[in-house]
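First the structure, in the form of structure tokens, and then the observations on it.
The numbers here are math on the coordinates, done by the rules we state, and not lab data. Quick caveat, the model's predicted, so the values are computed rather than measured.
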Amino acid sequence: MAQAKGDTVIIKKYANRRLYNTQSSSYITLEHLAKMTREGVEFKVLDAKTGADITHQILTQIIMEEESSTGEQMLPVNFLRQLIGMYGNSMQSLVPHYLEASMDNFRSNQAKLREAFETSLGNNPLAKLAQRNLEMFKAAASALVPGLNDSKPASGESKDDEIAQLRAQMAAMQKKLDELSK
């Protein structure tokens, strides 16, 4: 069932620590919630007994799981110390807004950088050559491992023609190697 834009999925957390997605009528895990977050699905986690909104607590728990399970930590120790130091500080109320604005700016700049990079690649002859080399490498890999690359070749040649050419080139290279080894 697809989520309508703007709808918030209600997740209920029971005393046995199980999470229940009321939209899909199924039990889910923290991993499911992390995936929903990455996909931009809005959700709210409510304590099933009290009805209290515990979304913040669950999101923090997801971050801690990610930090400990992946082996790669996104939050540096110094940042965590500074963040803890802000609790009880007179500036504490400003920190959430600052962090949210900083993350929004980071995402916006990342999207602009990606777009600029893609635009510059389209106009750069060396980038076009590198792209063609990558396509040839993919075609060679798919010739050696059938089904590895099911995409269509960028040129006007059919995939079978390109594979046949690559096989002929490989046979010629093998023949030369055989002659050299004699």
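Quick look at the values:
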read-out: Long-range amide H partners of residue 54 with built H, under 5 Å; value: 45, 46, 47
read-out: Antiparallel DSSP beta bridges within the range 3-106, as percent of all bridges there, nearest 5; value: 60 percent
read-out: Kirkwood Rh and Cα Rg combined as Rg/Rh, the range 1-115; value: 1.00
